[in-house]
Amino acid sequence: MESASVVQRSWNATRRAPLASAVAACVLAASSAAEAQGWRKKCFDPAAAPVTIGANWQLTGAGIDPQVPLAAEMLELAKFEINESCGVRVTPGSRGVPLAVLLINNETNTALVASVTQKLIDAGAVAVVGGGNSVLAPLAVPPAVQAEIPFGVNQAGADTLSGCTAAELDDPTVVKSATPVYAPEQCWDHRGFMFRTTSTGHQSGALSARYVRETHPTLVTAAFLYRDDDFGRPNRDGFREEFASLGGTVLAERGFSIQTTTVEDFKALLREVTAGNPSIIAANPNVSRLKFLMEAYVALRDDPTWTAKPLNFDTMRFLWTSTSSGGTYGDLSPGALAALVSQSEGVQSAWDTGSLGFQKWFALYQRFKPDAQPPTVHFGMAAYDALMVAALAITAAGSTDGAAIAAKLKEVTNSPGVCVYPGEWRKAFRRLAKGKPINYQGALGPVDLDERGNATGIVHGIVRFQPDGSALIVGLFGSAAQQSACDEDDQDDDDER
């Protein structure tokens, strides 16, 4: 594994060039910019009515991760890239129209989120992205699927959203649900209208278990504290199944509500799951609940009245199996912060700073926003990828018909096809206008949609906590080496004009 800091230094080094090379690059860039403007006149109709992609987004709400509203900036970045070039193609011809993004705040409200999707559709959105976290998204997506409008999920890992496989559709014993479901012998028949640009809860849980067994082979017994929701339960199941397959045993499992807000609640949970003296506790809280849990742990550790404390409780290890790098933990008590730093780590969706997709995305981001900073969490990159995949599918279809767009989602993200990266919209537009295949390589990683609509190319990272309260992704794990297969670029002379 290569640490993020090492990758960053390597990347920075490759960007330094002698003065002569820099001058040559400037000349080429000027020439390329002029050529791009000439092509834009041919391929873009700025006076045409725009096509709209909707965004069902968490901008406000109790307990919201502050990184989630910030990720909405990536929708503007994608729109900037597309409209600076050829726009989106919505007719069989070779000219594009402007892209508009309509964003509506769902206020992190389960009673509101479905109606936000409907409002976006009623306002003319031909595709929707977002949906919110794993509590909100399973409610946000069905109205779009029912209306045959593609919906790109970028944040939620909820496995209820995963669609049926071809084998499940052919199996009469499998119940095809009309709504999102995670249950034995059932699947959600979303008919290809849902796609996801982040990893699922089950996948993250399984990778987390493998990380524990490979990195800490002496930790053979575990307890699991899980969010009792559409992310937490599959995440727990993925961990349990993989941990057991690699020789470990999960001794206890206890669920909690995402609304659990007291240290006392987590103290009670910790007493229960540690009764069998596990060697590690795995848990999938969000950032704020992680803090409550660590405060509860330290309070129990230092409580002289708890006579039933397990033998290894004072040195208990913790593994976080959900996103933790987006938070800051400096507001923890000194004891809780010290325990977090010395006794825990996390595994979560991440990104490879050495990949071409990330580098091209960050260069585009810096052009859009000169003071842009490297990301600390994956939400923004997954949001950018979701909107780009939707726009590419619209352009490949040359239509605003939902079914036609949905039919192109896997075509633009999977092999075969020439690789297309962030910042290469003009290349993608040219090829798609000619009916040539592309293979989109995202900012977060190769999207590579499977038959359930889930991205399969997302890397995972190892999170470690620092004494100042920051959380850093220090290396990659599991799927880091997975890359999409890309055809050689076969652009003909006409493509270069």
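The values are calculated or read from the model by the stated rules, or taken from the named source; none is laboratory data. Computed from a predicted structure; not experimentally measured. A quick note on method: Cβ atoms are made from the backbone with ideal geometry, for glycine too, and the neighbour counts reach across all protein chains shown.
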Would region 157-176 turn up any residue that is among the aliphatic types (A, V, I, L, M) and within 17 Å of the chain's Cα centre (by Cα)? yes
Can you pull out every residue in region 86-118 that is in contact with a strand residue (DSSP E or B) (Cβ under 7 Å, 6 or more places away or on another chain), surrounded by fewer than 22 Cβ atoms within 10 Å (Cβ to Cβ) and either polar (S, T, N, Q) or farther than 23 Å from LEU392 by Cα (or both)? ASN105
Counted residues in region 217-249 being buried (at least 24 other Cβ atoms within 10 Å of the Cβ), of a type in the set (A, V, I, L, M, F, W, C) and closer than 22 Å to THR274 by Cβ come to 6
Can you confirm whether region 262-277 contains a residue that is β-branched (Val, Ile, Thr), under 13 Å from LEU340 (Cα atoms) and not assigned by TED's automatic domain parsing to the domain that holds GLN155? no
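So which of ALA268, ALA252 is among the hydrophobic types (A, V, I, L, M, F, W, C), more than 27 Å from ALA386 (Cα to Cα) and not in a strand (DSSP E or B)? Break it down stepwise before answering.
On the way: ALA252 fails: not in a strand (DSSP E or B).
Selected residue: ALA268, the only one of ALA268, ALA252 that is among the hydrophobic types (A, V, I, L, M, F, W, C), more than 27 Å from ALA386 (Cα to Cα) and not in a strand (DSSP E or B).
Within region 299-315, identify whether any single residue is in the same structural domain as ALA268 (by TED's automatic domain parsing) and touching a Pro at 6+ places or on another chain (Cβ under 9 Å), and answer yes or no. If you could, list the steps in order and put the result at the bottom.
Looking only at region 299-315, we keep the residues that are in the same structural domain as ALA268 (by TED's automatic domain parsing), and these are 299-315.
From what's left, touching a Pro at 6+ places or on another chain (Cβ under 9 Å): 310, 312.
There is at least one residue in region 299-315 that is in the same structural domain as ALA268 (by TED's automatic domain parsing) and touching a Pro at 6+ places or on another chain (Cβ under 9 Å).
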Out of (1) over 18 Å from GLN155 (Cα atoms); (2) touching a residue at least 12 places away in the same chain (Cβ under 8 Å), the one LEU59 does not meet is (1)
Testing PRO374 on (1) within 27 Å of VAL141 (Cβ to Cβ); (2) surrounded by fewer than 24 Cβ atoms within 10 Å (Cβ to Cβ); (3) in contact (Cβ under 8 Å) with a residue 24 or more places away in the chain, one condition comes back false. Which one is that? (1)
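Considering only region 136-169, state which residues are of a type in the set (Val, Ile, Thr) and surrounded by fewer than 21 Cβ atoms within 10 Å (Cβ to Cβ).
Selection gives THR165 alone.
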Of the residues in region 298-318, those that are out of contact with any helix residue (DSSP H, G or I) (no Cβ under 6 Å at 6 or more places or on another chain) and touching a residue at least 40 places away in the same chain (Cβ under 8 Å) come to MET316
Output the strands (runs of 3 or more DSSP E) that fall wholly within region 375-468 and possess 2 or more residues being assigned by TED's automatic domain parsing to the domain that holds GLY93 and not small (Gly, Ala, Ser), or say none. 418-420, 438-440
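Within region 340-357, does at least one residue satisfy the condition of being of a type outside the set (Ser, Thr, Tyr), in a helix (DSSP H, G or I) and in the same structural domain as GLY124 (by TED's automatic domain parsing)?
Applying the first criterion (of a type outside the set (Ser, Thr, Tyr)) to region 340-357 yields 340-341, 343, 345-348, 350-352, 354, 356-357.
From the residues that got through so far, the ones that are in a helix (DSSP H, G or I) too are 340-341, 343, 356-357.
Narrowing further to those that are in the same structural domain as GLY124 (by TED's automatic domain parsing): 356-357.
Yes, there is a match, as at least one residue in region 340-357 is of a type outside the set (Ser, Thr, Tyr), in a helix (DSSP H, G or I) and in the same structural domain as GLY124 (by TED's automatic domain parsing).
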When you check ALA471 against the structure, is it touching a residue at least 60 places away in the same chain (Cβ under 8 Å), within 18 Å of THR353 (Cα to Cα), in contact with a Pro (Cβ under 8 Å, 6 or more places away or on another chain) and among the aliphatic types (A, V, I, L, M), yes or no? no
